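The values are calculated or read from the model by the stated rules, or taken from the named source; none is laboratory data. Note that this is a predicted model, so its numbers are computed, not measured. Please note: Cβ atoms are built from the backbone with ideal geometry, for glycine as well, and neighbour counts cover all protein chains shown. The area values use the complete protein model at the heavy-atom level, side chains included, leaving out ligands, DNA and RNA. Shrake-Rupley method; radii C 1.70, N 1.55, O 1.52, S 1.80 Å.
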Amino acid sequence: MAALTETIALAREDRVPRTTPSRGADALFRAAAYGCAILVLLVLVGILASIAYGGWPAFREFGFGFLTSPAWNVGTEQYGALVAVIGTLASALIALLIGVPLSLGIAVYLTQLCPGWARRPVAMTIELLAAVPSIIYGMWGLFIFAPLFARFVQVPVSNLVEGLPVVGTLLYARVPSGVGILTAGIILAIMIVPFVASIARDMLDQIPTILRESAYGIGCTTWEVVRHVLVPQASVSIIGAIMLGLGRALGETMAVTFVIGNANRLSASIFDPGSTIASRIANEFNEADGMQLNALMALGCILFVITFVVLIIARLLTRRVKVA
Amino acid sequence: MDATTPMAAMHAAPVSRVRSSRRVADRVLRVSCFAATLIGAVVLGSILLMLIIEGLRGITPTLLTQPTPGPGSEGGGIANAVLGSLVLTFIGIVVATPVGVMAGTFLAEYGRGSKLAELVRFLNDILLSAPSILIGLFVYTLMVRPMGTYSGWAGGVALAIIATPVIVRTTEDMLRLVPGSMREAGAALGAPASTVIRQVTWRAASAGIVTGIILALARIAGETAPLLFTALNNNSWFSPNLMGGIANLPVMIYQFALSPYPNWQQLAWAGALLITATILALSVVARFVLSPKRH
């Protein structure tokens with residue numbers, strides 16, 4: 001019996017080391033944690049520094065005109081960011097116009113309308129949309145969506161609006177191939193849906209049930225509850241969620257590269273091919289050298305500034321709620 | 001109820017019309033919310049269907065035994081790309097895990113309430129959604145240009161930079177869920193801070209931290225943009241020497257899907273099916289099996 005107690009005691013001793021780490025090891029651990037946190041900071045600074053360093057010759061060469069020039073000519077070494085910047089902003093804006101209503105609809109459906117048994121599978125489906133790699137969205141957009149879009153939207157709409165003022169240029173496809181800025185915007189919309197919907201759903205879930213129930217109690221319909229109770233309560237964080245979606249849409253690369261058509265042309269029609277900053281970098285970077293490389297880096301620098309401003313605003317708006 | 005509801009009183013319109021307009025608004029909301037959800041589900045379904053139909057057609061006996069074929073040559077597989085992707089993802093996770101867990105530990109334990117922790121947390125959240133192509137440019141400037149060659153190491157580092165913020169965030173969130181009384185109990189036994197963290201808080205939060213690592217894995221496994229300028233691609237057999245371009249699935253899919261050769265396109269589809277199935281499986285495990293508490 002005594003022997004047994006002894007073995008148990010010894011076994012215990014094996015599992016839990018009685019010796020505590022020395023003061024030095026403790027300080028080392030602390031320093032390592034500190035260092036890793038600093039490393040995260042340094043990476044962000046490093047990203048900005050490296051891109052600014054790479055893009056500097058282009059900024060110096062073209063000055064402020066880099067932002068306003070539509071030129072992109074490898075032969076004459078004339079580079080400007082205008083087409084790519086407009087393409088980036090236009091496709092992201094289209095993504096928001098389509099993606100935000102979709103996301104909010106999904107969030108409202110999941111929190112207010114969905115029957116209990118279906119909530120988990122439906123939520124899982126929407127969340128899995130976020131896990132699909134962006135290159136797969138690109139393939140889907142180019143091989144499945146674009147042909148359908150060309151046949152059922154671009155051709156009929158182009159025929160309908162041909163010759164009309166304003167819409168005749170805005171919605172006219174010279175070559176109805178299905179790819180273009182609008183297609184890129186639609187694919188981006190689908191890609192930001194899971195992110196925006198997930199945050200919006202968390203916000204709606206956090207609104208005290210009693211508010212909702214009292215609104216229903218005085219006879220409000222679901223629409224009135226959503227419009228007058230839920231939206232005002234969650235508006236700030238929903239705007240934050242939208243900005244977060246915008247940040248993603250601005251920097252998305254592979255999916256856009258597949259479906260935007262990669263043309264350096266300013267066009268008034270959203271059916272026409274264009275390019276974004278990210279798609280141009282992805283397309284040209286490997287073959288570029290000299291001033292073209294610097295110009296691409298400078299484009300990256302502009303993208304950095306735009307997305308980081310958007311993301312900072314987004315985080316400031318959602319921070320209050322997201323900290324667990 | 002009819003005339004006394006605030007809405008009806010506000011509009012001061014005939015009772016019956018107000019009621020029907022309210023009903024219509026409500027119906028429209030219900031139907032459009034359902035439609036939005038349906039669109040999401042249909043898109044996911046159509047993506048999966050596309051991958052299964054096209055991907056299964058691309059599966060050949062040599063798919064996982066032969067390297068990618070040269071332009072215009074027949075047959076071949078994607079064995080080198082699969083292996084390369086595994087290696088790159090492995091490097092990414094092996095680098096990101098210690099850094100991410102330690103930084104998350106700093107945020108949740110040592111840095112609580114400090115200005116530095118506040119700043120790191122904020123910038124980490126921004127890094128979490130930073131465009132991955134910019135990370136590619138960064139690693140290109142940092143490693144590819146000085147070394148003079150594309151390399152697997154550079155690709156791995158780029159992936160690590162993308163994975164780290166995910167791990168930092170989940171580690172911090174999970175450590176914060178550990179009740180303070182457990183730390184106090186550890187400290188009361190005379191354990192130094194590092195012992196309490198390693199033997200009490202990390203253990204209590206281990207399932208959540210592992211979930212974060214798997215999510216990070218799922219995130220980097222399909223990343224393409226940062227690999228374009230770092231690991232690039234090649235058609236030769238995988239070699240343990242990671243200098244020079246290294247074949248990997250995402251870049252292979254990108255190049256082959258847009259190529260004019262039918263057998264390349266088929267290989268791209270097979271690769272796309274393989275990579276998506278892997279990532280979706282990882283996400284399902286991480287989100288719905290390991291952490292069922294959420295939702």
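Just from its helices, what would the mean residue ellipticity at 222 nm be for chain B, if runs of 4 or more DSSP H residues each count -39500 (n - 2.57) and the sum is divided by every residue, rounded to the nearest 500 deg cm²/dmol? Mean residue ellipticity, 222 nm, calculated: -21000 deg cm²/dmol. On a per residue basis, the convex hull of the C-alpha atoms belonging to segment B:18-57 measures out at 32 Å³.
Counting only protein heavy atoms, what percent of the accessible surface of chain A is carbon or sulfur at a 1.4 Å probe? Result for chain A: 67 percent of the exposed heavy-atom area is carbon or sulfur. Accessible surface buried at the A:B interface totals approximately 8000 Å², computed with a 1.4 Å probe on protein heavy atoms.
Which residues belonging to segment A:137-151 lose at least 20 Å² of 1.4 Å-probe accessible area when the assembly is complete, relative to their chain isolated? Flagged in segment A:137-151: A:MET139, A:TRP140, A:PHE143, A:ILE144. For chain A, the spread of Cα positions along the three principal axes, ordered from largest to smallest, is 99, 65, 34 Å.
Are there any helices in chain B, counted as whole DSSP H runs, that stretch 15 Å or more along their axis by Cα and score at least 1.0 on average by Kyte-Doolittle, and if so which? Provide the component values of the computation, followed by the final result.
On the way: long enough: B:15-57 (62 Å, 1.02); B:79-105 (38 Å, 1.77); B:115-128 (20 Å, 0.96); B:152-177 (37 Å, 0.95); B:206-221 (22 Å, 1.89); B:262-284 (33 Å, 1.07).
Span-like helices here: B:15-57, B:79-105, B:206-221, B:262-284.
Once Rh for segment A:55-155 is found with the Kirkwood sum over Cα pairs, what is the Stokes-Einstein diffusion coefficient at 25 °C and 0.890 mPa s, in µm²/s? Taking Rh from Cα pairs, D becomes 138 µm²/s.
How do the peptides B:254-265, A:208-219 rank, highest first, by the average count of neighbouring beta carbon atoms within 10 Å per residue? Before the final figure, lay out the partial values.
Values: B:254-265: 16.8, A:208-219: 12.5.
The densest-packed peptide leads the list: B:254-265, A:208-219.
In terms of its C-alpha gyration tensor, the protein assembly as shown comes out oblate, because a/c is 1.5 or above while a/b does not outweigh b/c. Mean projection of the Cα convex hull over all viewing directions, computed for segment B:171-295: 11.2 nm². Across segment B:25-51, no residue has a backbone nitrogen under 18 Å from the label position 7 Å along the beta-carbon direction of A:TRP117. Scan chain B and hand back the longest stretch that contains none of the trypsin sites (Lys or Arg not before Pro) lying in DSSP loops with at most 11 other Cβ atoms within 10 Å. Looking at chain B, B:113-292 is the longest stretch - no exposed trypsin sites (Lys or Arg not before Pro) with at most 11 other Cβ atoms within 10 Å.
Once you have a ≥ b ≥ c as the square roots of the Cα gyration tensor eigenvalues for segment A:248-291, tell me rounded if a/c is under 1.5, and otherwise prolate or oblate according to whether a/b is larger than b/c. Show your work: numbers first, answer last.
Details: a/c = 2.24, a/b = 1.38, b/c = 1.62.
Oblate is the answer for segment A:248-291, as a/c is 1.5 or above yet b/c matches or exceeds a/b.
Backbone amide hydrogens, once placed in the peptide plane, bring A:GLN78 within less than 5 Å of A:ASN73, excluding anything fewer than 5 places away on its chain.
Largest first, the residues B:TYR140, B:TYR150, A:TYR34 sort by 1.4 Å accessible area into A:TYR34, B:TYR150, B:TYR140.
Dipole magnitude for chain B: about 940 debye, using +1 per Lys or Arg Cβ and -1 per Asp or Glu Cβ, origin at the Cα centre. With a Förster radius of 25 Å applied to the beta-carbon distance between A:ILE210 and A:SER235, the computed FRET efficiency rounds to 0.80.
If you place +1 on the Cβ of every Lys and Arg and -1 on the Cβ of every Asp and Glu, how big does the dipole about the Cα centre of the protein assembly as shown come out, in debye to the nearest 20? Walk me through the numbers before you get to the answer.
Details: 40 positive and 28 negative charges, 315 e Å.
With only Lys, Arg, Asp and Glu charged at Cβ, the dipole is about 1520 debye.
For chain B, the share of alpha carbon pairs falling in successive 5 Å distance bins from zero is 1, 5, 9, 11, 12, 12, 11, 9, 7, 6, 6, 4, 3, 2, 1, 0, 0 percent.
Given a 1.4 angstrom probe, what's the average accessible area per residue across the protein assembly as shown, in square angstrom? Present the calculation step by step, with values, prior to reporting the outcome.
Values: 27100 Å² over 619 residues.
Here the residues of the protein assembly as shown average 44 Å² of exposed surface.
Surface composition of chain B: carbon plus sulfur atoms contribute 68% of the solvent-accessible area (1.4 Å probe, protein chains only, all chains present).
Compute the Cα gyration tensor for segment A:36-113, then decide on rounded, prolate or oblate, letting a ≥ b ≥ c be the square roots of its eigenvalues: rounded whenever a/c is under 1.5, prolate when a/b is larger than b/c in the other cases, and oblate in all that remain.
On the way: a/c = 4.87, a/b = 1.51, b/c = 3.23.
It comes out oblate by the Cα gyration axes.
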